[in-house]
Structure formats: C-alpha cells, structure tokens
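First up is the structure itself, then whatever we jot down about it.
Taken together, the values in this text are just the output of simple stated rules run on the coordinates, not laboratory data. None of the values given here were measured: they were computed from a predicted structure. Neighbour counts are summed over all protein chains in view; Cβ atoms, including those assigned to glycine, are modelled from backbone coordinates with ideal geometry.
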C-alpha cells in the first residue's frame, strides 16, 4: 500500500465527482456551472490542494483538445452562408473595431508602462483571442437566443482566427527586425499560409465526410462516424502541427452548407456535450495556476484591465457609430472577456521558439487566464440576463427540497396517481410567466414591409407582436400569412406592419402562473404569446414561447419525481 499511486482513470473519476458537487454549489449561489467546474478544478489541482498529480494533468490534455474540437465544430455548424451574409454586415464593423482597439490598447498601454516593444506587440495580438469553449458552452447552458448571442458566436470565431494570423505575422516581423530569421521572410510566409491552407483543406474534407456519411448511414451509426472523423483529424493536426481550431471551425461550416441534416447532427453530438462540458472545465481548471497569477503581478493586472477595456470600448464605439441596438452596444463586449485555449497555445509556441522573448509572455498569459476564465462566464451570464435573451428560469436554479417539501411531494405524487394531471398543475403553478419571459420591443405598427422582414430575419419565432407608439399590442403578425404578399413587389412598397397584423385576444401578465400560458397554448397554434404589463397602457414586456413553457414543465416535473 505504501507504493500506491492513483491511476489516471481514477483521477478522471475524482474530477467528475467533485464537479458533481460543484454543480450543486453553482445552483445554490446562482453561478454559471462553467465557473463552478473551473473553480473546483483549480481547487483540487496542483496549485492548491494538489489532489491531482501533475503528470495526470498533462495526460488529460487530449481530453481538452477533443472537447474544444467538438465545441468549435458545433460553432461552425451555426454559420450557413445565408446566415453569414445576413450577420456579417453588422458584425464585421464590430469585430474589426474590437480587434484593432484591443490589440492597439494593450500594445500601447504596456509600452507606455515601460515594457519592451516586442513583448507589448505579441501580448496585444494574444489579447484578441476569446475562449470559444467557455463562451459557447455558457450560451448553450442558458439556451440564449437573440442579436447579442448570435453576434457573440460570430465574433468569437473571427477573434480566434485573427489572433492566430496576427500572432504569426507579428512574430515574423519581430524576428526580421531582430535579425533572428533562420530562413527568408518569403519562406516563413509560405510556411504560415501552407499551414492555414492545410488546416482549411482538412476541415473541408472532414465536413464533406460527415455530410456524405450521415446521408448514407443509419442514424444509429452517426455518432461513431462523428467520433472517428473528429479524433482522426485532431491527431492529424497534432502530427502536422496545424492549428486544429481552424480545422474544426471550417469542418462545422462545411457541414452547415452541405448537409440538410445539420440540426440532427448537432443534436446527436449534444448527447455528449453535457459530459464533455464537465470534463473539459474540470480538467481545464486543474491547468490553471494560482501562483502564476500572483507571479504576473502588476503587468498581469494591467494586461487584464487593458484587454477588457479594448473589448468593451471597441464593440461599444462601433455599435454606436453603426446605430446598432442598445443591448448590442452595452453588452456584446462583455461576452468576449473569457480567454484560454488559443492564447495559451500561442504563448507556449512563443516560449518554445524564443525563450527569452516568449517566457515572460507565457507567464503573463497563464496568470491572467485564471482571472478571465472565472469572471468571463459571470459577465456572459449578466449580459444575457440584461438583454433578455435568456428566460429568467434558465438562469435561476432552485435549491433541493426541504424535508417538509419532500413530504408534500409524496402527497402530490399520491394525488397524481388518482388525478393524472395533478403533478402538471402543481408544477405549472410554481413557475411564473415572468420566469420564462423573453424580452422584445415588438414591431412598430408603422414599420415598412422591409423593416418587418428585417425583424423576422433576426427572430427565432413564427409570431411577432405589433405595437403602437405607446407600446400597446395592437395585434400579431403570423409568419405563414406573409406568403400572400412576400412576392408581390407592388404590394410590399405600400404595406405597413399594421396591415399584416391579426387581432389577438391571447395575452399574459408577468405575475400569472405558467399554467395559464399552458392553457392558452392548448387553444392556440401560435408559437409565442405576448406578455403585457397589468397597469395602463399595458405595455409589451416580451413574449413567452411554447418551447420554453414545455421545457420548464418537463424540468420541474423531473424535479418532483
């Protein structure tokens, strides 16, 4: 027994066990589960309690890369060419401003505080990267939808690609001016573009294999195909030293545009996403080094402040100049604070290529990542709540029942055995309409047909409230009815939103129980119902979706079992 050493599989089991406890902790303190998993990984890792051997931390690195690959593939699957064309017009100015200001602010700020030009430039390039796994999985956890959520996914993808390119170019130029290039600048550029090009080709090939295979094979074999393709390409990228993040992002985009079963493919991977999220962030937490944060000192704190300022100010300024909605101006930038994978990987490359230049940079990145990975999910959560892109019920976790509540639950189950719908009524009355509210300003009744279509393109609903100048609901537009006028160019120039609206008697108040919404949906075919204030003039507060009602009822019903 004296020579007993914990096996790496037991280490993984230990991480899953403490992560389970962390999930309860997150429920009690209303934290994003991502933050809880990171914190518990940090706690049991080598830098604090040291329950996890450092050799096991390194041995679990492939788990991190695999989880990251799946997340990037899922992210890429969101970008059909039609969607990219639609969102690029308003997202590209935001992305360009945010990248330039973040890079410039970090570079100039560090330079003014006395740090070398080479160090400042490389840290400025690395500051652009946003952690894709952390950001996207928090969005998935809260089931958010809306312009901020959609723009966040786009900016995360652009950020990481831009970071890789900027870093490589900056490193080449620094070595050129320092006279450290072993080969010509042309050869270095050819190597860079060759690597990026190969990563693109592998991603396209992987996407085509999945699109073709899923169309050919039985559904029960899809997961094997997805796993085989992902693991093989991940290994190929490691062997060829290619940026695997580019490969899997491109693979997802390829599937999105070559398969009519994209949603089913993503849904099949979602069976793994819950477990992968736990493993990824728990393992990633063990990699965080609290001592590195302390060692980073003043320059680490300065880097953190300048990077956050660059992200927020860049998005805010560009959104204001392009007259984008207030929620985008104020809250999109705060969704981009998380930083991990790309920045850590590139800082490691810098340290290997030029230890004298790269080691201080790696220390600063490793120290600041501890902060960004903990506060990043908290800022995303706050942003989603303030923009109304997530139902309140998704962000609030209910605590476990007290002993008295458990007695009541037993009585409820007995009643349910006698009256089948007793449990559903009890659950539905516990959840309020306000908990499931998704904010929307509706469509102004004087809006032109083009403005109506623009609103619909940014919505996930099929029913749209129409409001007057006092924000009172005057009717709803139902998507199926638009087909009568969509292709009549003469009519569309004359039509206003009020001409397309149908009267509706279905309204909800925020303080009503979800049971009331459930009853209205049973009598309606609409996918959402307007929610209005009780006080005059009964202003539109938002909408409640049929899918959110069903999700809440199912979730609460499971908790009563």
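Apply the a/c threshold of 1.5 to the C-alpha gyration tensor of the stretch 259-359 and tell me whether it is rounded, prolate or oblate. Please report the intermediate quantities before stating the final value.
Numbers: a/c = 2.11, a/b = 1.11, b/c = 1.89.
Because a/c hits 1.5 or more and a/b fails to exceed b/c, the stretch 259-359 counts as oblate.
Checking a compactness column here: for the stretch 135-223, what do you get for Rg(Cα) / (2.2 N^0.38 Å), N being the number of residues? Could you put the intermediate results ahead of the total?
Numbers: Rg = 19.5 Å, N = 89, 2.2 N^0.38 = 12.1 Å.
Ratio of Rg to 2.2 N^0.38 Å for the stretch 135-223: 1.61.
Per 10 Å bin from zero, what fraction in whole % of the C-alpha pairs of the stretch 190-246 is there, up to the bin with the longest pair?
Histogram of Cα-Cα distances, whole percents per bin: 24, 46, 23, 6, 0.
Over the chain, what is the percentage of antiparallel beta bridges among all DSSP beta bridges, to the nearest 5? Don't jump to the answer; show the numbers that get you there.
Working: 15 of 18 bridges.
The answer is about 85 percent antiparallel.
Do me a favour and compute the ellipsoid semi-axes for the stretch 273-328 from its Cα gyration tensor, root of five times each eigenvalue, largest one first, whole Å.
On the way: eigenvalues 196, 98, 5 Å².
Largest first, the stretch 273-328 gives 31, 22, 5 Å.
Taking only C-alpha pairs under 8 Å that are 6+ residues apart, what is the relative contact order of the chain in percent?
Details: 853 pairs, mean separation 99.0, N = 561.
Here the relative contact order equals 18 percent.
Give the Rg/Rh ratio for the chain, taking Rg as the radius of gyration of the Cα atoms and Rh as the Kirkwood radius, to two decimals. Don't jump to the answer; show the numbers that get you there.
Numbers: Rg = 25.6 Å, Rh = 25.8 Å.
So for the chain, dividing Rg by the Kirkwood Rh gives 0.99.
Once both axes come from the Cα atoms, what is the angle between helix 61-76 and the longest principal axis of the chain, in degrees from 0 to 90, rounded to 10?
50 degrees
For residue 80 paired with residue 173, estimate the spin-label separation in nm (one decimal), with each label point 7 Å from Cα along the Cα-to-Cβ line.
Distance between label points: 3.9 nm.
Over the Cα atoms, compute the radius of gyration (one decimal) and Dmax (the largest Cα-Cα distance, rounded to a whole number) for the stretch 88-152, in Å.
Both quantities, over Cα of the stretch 88-152: 15.1, 44 Å.
In which sequence would 50, 270 go, from the one with the fewest C-beta neighbours within 10 Å to the one with the most? Kindly include the intermediate steps, with their values, before the conclusion.
On the way: 50 10, 270 13.
Listed from fewest to most nearby Cβ atoms, that is 50, 270.
Determine the shape class of the stretch 90-244: with a ≥ b ≥ c the square roots of the Cα gyration tensor eigenvalues, call it rounded for a/c under 1.5, and otherwise prolate if a/b is greater than b/c, oblate otherwise.
Numbers: a/c = 2.91, a/b = 1.43, b/c = 2.03.
Oblate.
Per DSSP helix of 4 or more residues, -39500 (n - 2.57); summed, then divided by the residues of the chain. What does that give at 222 nm, rounded to the nearest 500?
Value at 222 nm, helices only: -23000 deg cm²/dmol.
On alpha-carbon atoms, Rg over Rh for the stretch 62-388 using Kirkwood Rh? Walk me through the numbers before you get to the answer.
On the way: Rg = 19.4 Å, Rh = 20.2 Å.
So for the stretch 62-388, dividing Rg by the Kirkwood Rh gives 0.96.
Give the relative contact order (percent, whole number) for the stretch 284-368; include only Cα pairs under 8 Å separated by 6+ residues.
Details: 76 pairs, mean separation 35.5, N = 85.
Reported relative contact order: 42 percent.
Measuring from label point to label point, each 7 Å out along Cα→Cβ, what is the residue 5 to residue 534 span in nm?
Reported label-point gap for residue 5 and residue 534 is 6.7 nm.
Hull surface divided by four, with the convex hull built on the Cα atoms of the stretch 1-121: how many nm²? Before the final figure, lay out each step's value.
Values: hull surface 52.0 nm².
Reported value for the Cα convex hull: 13.0 nm².
Does anyone have the angle between helix 8-29 and the longest principal axis of the chain? Alpha-carbon axes, 0 to 90°, nearest 10?
Between the helix axis and the principal axis of the chain, the angle is about 40 degrees.
Hey, fewest Cβ within 10 Å first, where do 551, 56 land in order?
Details: 551 16, 56 22.
Listed from fewest to most nearby Cβ atoms, that is 551, 56.
Evaluate the distance, in nm, between pseudo-label points positioned 7 Å from the Cα of residue 89 and of residue 49 along their respective Cα→Cβ axes.
5.4 nm
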